[in-house]
Each structure stands twice: as C-alpha cells, then as structure tokens.
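Asks: So that we are looking at the same thing, I have put the structure below in structure tokens.
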Amino acid sequence: MANKNDAGSTGSNLETDIAARTDSYFNRTKRIVARFGDKLVTYAIFLRRPVVCAPRLMLDWLLEAARQRGTTVDVDLMYQEGDWVGAGEPIVYLTGSMMHLSDLETILLQKIGPACVAAHNAYQMAMALPNAAFLAMEARHCAGGEMQDIMGYAASVGSAAARREGARGFIGCANDLTAHWFGAERGFGTMPHSLIGYAGSTVRAAEMFRETFPDEPMTVLVDYFGREVSDALAVCHRFPHLAAAGQLSFRLDTHGGRFLEGLNPAESYAVLERYAPGAIRRYRSESELRYLVGTGVSVAAIWHMREALNEAGYPKVRIVVSSGFGVEKCRVMADAKAPIDVVGTGSFIPDQWHETYATADIVEYDGVPMVKIGREFLLRKNGARKRGIESLSASSQGLPADAMSPR
C-alpha cells in the first residue's frame, strides 16, 4: 500500500501530489500522449552501480497509484528482494499505459535508488562483523519521515540478506516509526548525552534510568566526561547484579578529537600488540590507521575497554560502539577482531548520493523494442531477460509472498 509518509495518498490529493513532485516534462508528456493517443510501453529501471534489490516501497506506491487511476501495470521483477544486482542490470520492467506511467517516473526513482544502495551498504556492514548485532540509528541524518522510512526499510533488506549468510545483522532501530521493518513494535535505546549532563554524573544518570525503567537492560554512555573506563567501572560497581547477569552495556561514542581515557598513540599501539598484532604489521591507509589506533572509537579503544572490564571482573558486560561505523570501518574492526557486541550506526545511508540515482528508460512501444542509443543493453532480447516472475496488476494489494519475502 502507499507509504503513510507520502502526502496525498487518496484520490485527487494523490494526483495533486504527483503533479507537484514530478519533473514538468513528464507532466507535459502525459498531456501530449493523452491528446495524440496512448501506447502500451515497457520501462526498464536500473542503477549504474552494484546494489541489493530493494523495490518494495516503489512497487507498493506504484500499484496503489495505478489502482486509484483505474489502470493496470504489469511488473516483471528480475531480482528478488535482497538479491545482489550488478551495475546496469535492469531490476524491474514495468508495462502499462504511457499516459498513466510517464508522470510517475520521478517518484518511482526516488523510492528505489537510495533504498537499493543503502541495502547494499547494510549488507556489507553486517557481513563484515557477522557476530555483532546492529542497531539502525539513521533517523537523525534523514531529511524527513519519508527518507527515514526508506532507509529503515533498506537496512532491514540488507540485514535479511546478510542473515541468510550467517550474520546477525540489524536487530532493530532507534525509533518507533521504522521498528516494524525489523519485526519490532518500538525502537531501542536508553540514554543520550543530554541525560548525562542533566544528571550531573554518569552513575547518577544510570540510577535515574534504572528507577524509571526497572525491568529493562541498560546501556550507558560513558564518554560525556572523558572518563570512559573510570565511569564504566563505577557503574558496574553500582549495579553489580546487572553486570553479572549480562544486562549492562556501555556505549563508546568518543569524539574523534580525542583519545579514549588512558590512551595515546603509543599506548594504542601497545594495546593492539597485546590483542591484534597482525592488524598493524602490514600496510595500512591513513583512514585504516585512524580506525585502528587513532582518536575516537578505534580498535585500540574497544580492546582497552574490554581489557579493563575483564580485569575488574565484569566479563559479561557488553560493549556497544557508535560513531562513523560505515562499511570500511566495520571491515577494519573485523580484521582486528575488535570485541564488539553491538554496533549503533546510520552510516548505511549512502555517503555519495549521486550513486543512488536510478534511471528509467522505455524499451518497448506497443510491443516494439526501441530505446535510445547507448541503452540497448536494457532491451529484453527475445525474452532472454525474463525470469518467470509473476506479473502484477494494479488491483493487486502487494507483491506475491514468494517474490518479495526475504529468503
């Protein structure tokens, strides 16, 4: 069904919304075709880079728009949701009235391109750290509710693909709006930095949280005062029963402008010599070295915290990490076997937005193959591209379970 964040989801409101959001030449094309005669056309939709197929939001919106217009759209989905798609490979062919499809192109591309790239990023991150659980924390970086929903959906698709290969993947998100994509009723999270400042101390913030939510596991931020290790041990001392039961976690979110408590360049190298010597004995790029022994939440910082907790008798206390955990950082963490339990991240949001630009081209007019020069690779030559995916009409209420459910 139509996304609840889309403006104007019914009747004339939908038409007004489409007309306002679409590129004007598509609106003009619709009027011209209506005047000179409609044709049955087939669109091919693709991206120029490898992605993970995440078409559901686009197709749900398309079918709802077609239903309200009283028209039919046949959907030939070339890849299942969660499948890897090569650069330039058509993800889907859409066949229907040119008059009714021409003004939908802009919005259709908005809904599929970013989702596919973000799903690919989420998949890569989860596969890089297969034993860690991920928490989607992208909402603060999104430009409104619709983007938030697209990114949450994308993370769930990439995560499901990674789980099929043995990774834990994303276990949830940090807000209620997108929690349903992860099979949850609400978002996860305990405390922001502002609560630490309000309480005046890390221990007092933990006490306040516990008094308010006495039955929930607790994750405590420990970088506010720059005493990550000291404050973590103080909280463990205050709540030894939670620490012993594995219901206490500490989130490392140290600012990139300083080292975690007790570390400096020399001590960071020393920590890695103790726990991951191979990680620093081969060539590293500048960014890889920063992730290993630099400021902020580095591999050395995570090992240093784990070492301190273990030596103090708290081996069951978990470590949650955040701050820039994109694909590359996750790979470096995995290479150094960083003892990470949970990763909180929104860095599956594409950082090069131009890579999310999906493209649609008409490849058939009334059954006759035709496409602009240079895009011949999109043509369905003798039906060779068809994979036997069931076509859908506008009367469908959604995609067939075998085509869209995570495998």
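Asks: With bins 20 Å wide starting at 0, give me the P(r) of the chain over every alpha carbon pair, in whole percents.
Replies: It works out to 25, 46, 24, 5, in whole percents.
Asks: Enter the angle in degrees (range 0 to 90, nearest 10) between the Cα long axis of helix 299-311 and the first principal axis of the Cα atoms of the chain, meaning the one along which they spread out most.
Replies: The answer is roughly 50 degrees.
Asks: Tell me, what are the semi-axes, in whole angstrom and largest first, of the equivalent ellipsoid of segment 157-290 as set by the roots of 5 times the Cα gyration tensor eigenvalues?
Replies: Computed over segment 157-290, the values are 28, 25, 14 Å.
Asks: Excluding ligands, DNA and RNA, what is the solvent-accessible area per residue of segment 1-144 at a probe of 1.4 Å, expressed in Å²?
Replies: 38 Å²
Asks: Oh, and also: Convex hull over the alpha-carbon atoms of segment 177-224: what's its volume per residue in Å³?
Replies: 95 Å³
Asks: While we're looking at this one, here's another question. Using a Förster distance of 35 angstrom, determine the FRET efficiency expected from the C-beta separation of LYS316 and ARG274, and round it to 0.05. Intermediate results must be reported in sequence, preceding the final value.
Replies: Details: r = 21 Å, r/R0 = 0.61.
Calculated value: 0.95.
Asks: Given 0.36 nm per residue, what is the gain on full extension from ASP366 to THR71 after removing their alpha carbon distance, in nm?
Replies: Extending this stretch completely gives an extra 104.6 nm.
Asks: For the chain, find the longest principal axis of its Cα atoms and tell me its angle to the long axis of helix 145-163, 0 to 90°, nearest 10.
Replies: Approximately 70 degrees, to the nearest ten.
Asks: Right, here's the next one. From largest to smallest, what semi-axes in whole angstrom does segment 278-365 give when each is the square root of 5 times an eigenvalue of its alpha carbon gyration tensor?
Replies: 36, 17, 10
Asks: Over segment 208-255, how many percent of alpha carbon pairs lie in each 5 Å bin up to the one with the longest distance?
Replies: 5, 22, 31, 26, 13, 4, 0
Asks: Treating only the Cβ atoms of Lys and Arg (+1) and Asp and Glu (-1) as charged, compute the dipole magnitude of segment 158-248 about its Cα centre; round to the nearest 20 debye.
Replies: 180 debye
Asks: Cα convex hull of segment 90-223: mean projected area in nm², to one decimal?
Replies: Value for segment 90-223: 11.0 nm².
Asks: Using a/c under 1.5 as the rounded threshold, could you call segment 104-150 rounded, prolate or oblate? The axes a ≥ b ≥ c are square roots of the C-alpha gyration tensor eigenvalues, and prolate needs a/b larger than b/c, oblate otherwise.
Replies: Numbers: a/c = 4.35, a/b = 1.74, b/c = 2.49.
The shape class here is oblate.
Asks: Next question. Just want the answer: with Cβ charges of +1 for Lys and Arg and -1 for Asp and Glu, which residue in PRO214, THR295, MET191 is farthest toward the dipole's positive end in segment 186-330?
Replies: The listed residue farthest towards the positive side: THR295.
Asks: Right, something else. Which of the listed residues, PRO50, HIS100, ALA128, is farthest toward the dipole's positive end in segment 30-133, when Lys, Arg count +1 and Asp, Glu count -1 at the beta-carbon?
Replies: HIS100
Asks: In whole percent, what relative contact order does segment 49-202 give with Cα contacts below 8 Å and a gap of six or more residues?
Replies: Computed value for segment 49-202: 21 percent relative contact order.
Asks: So between ASP176 and ARG282, what do we pick up on full extension, going 0.36 nm a residue minus the alpha carbon distance?
Replies: Values: separation 106, 0.36 × 106 = 38.16 nm, distance 4.37 nm.
Full-extension gain reported as 33.8 nm.
Asks: For segment 228-328, what is the largest minus smallest coordinate of the Cα atoms on each principal axis, given in angstrom and ordered from greatest to least?
Replies: For segment 228-328, the Cα spread along each principal axis is 44, 25, 22 Å.
Asks: Calculate, in nm to one decimal, what ALA184 and TRP353 gain on full extension: separation in residues at 0.36 nm each, minus their alpha carbon distance.
Replies: On the way: separation 169, 0.36 × 169 = 60.84 nm, distance 2.89 nm.
Once the chain is fully extended between ALA184 and TRP353, it gains 57.9 nm.
Asks: Could I ask something else about it? Rounded to the nearest percent, how much of the accessible area of segment 83-180 (1.4 Å probe, protein heavy atoms only) is carbon and sulfur?
Replies: With neighbouring chains kept in place, the figure for segment 83-180 is 53 percent.
Asks: Now for a separate question. So what's the angle, to the nearest 10 degrees on a 0 to 90 scale, between helix 105-128 and the longest Cα principal axis of the chain?
Replies: For 105-128 against the chain, the angle is about 30 degrees.
Asks: While we're on this one: Can you give the helix-only mean residue ellipticity at 222 nm for the chain, where every DSSP H stretch with n ≥ 4 adds -39500 (n - 2.57) and the sum goes over all residues, rounded to the nearest 500 deg cm²/dmol? Please report the intermediate quantities before stating the final value.
Replies: Working: 15 runs with 165 residues, N = 407.
Value at 222 nm, helices only, nearest 500: -12500 deg cm²/dmol.
Asks: Let me ask something else about it. Quick one: ranking HIS120, HIS354, HIS100, HIS255 by accessible area, 1.4 Å probe, largest first, what do you get?
Replies: Largest to smallest exposure gives the sequence HIS255, HIS354, HIS100, HIS120.
Asks: Ok, one more. Taking amide H positions as placed 1.01 Å from N in the peptide plane, with prolines and chain starts having none, which residues 5 or more places from LYS39, or on another chain, fall under 5 Å of its amide H?
Replies: Here MET98, MET99 satisfy the definition.
The values are calculated or read from the model by the stated rules, or taken from the named source; none is laboratory data. None of these values were measured; they are calculated from a predicted model. Note: ideal-geometry Cβ built from the backbone for every residue, glycine included; neighbour counts use all protein chains shown. The accessibility values were calculated without ligands, DNA or RNA, using every heavy atom of the protein model including side chains. Shrake-Rupley method; radii C 1.70, N 1.55, O 1.52, S 1.80 Å.
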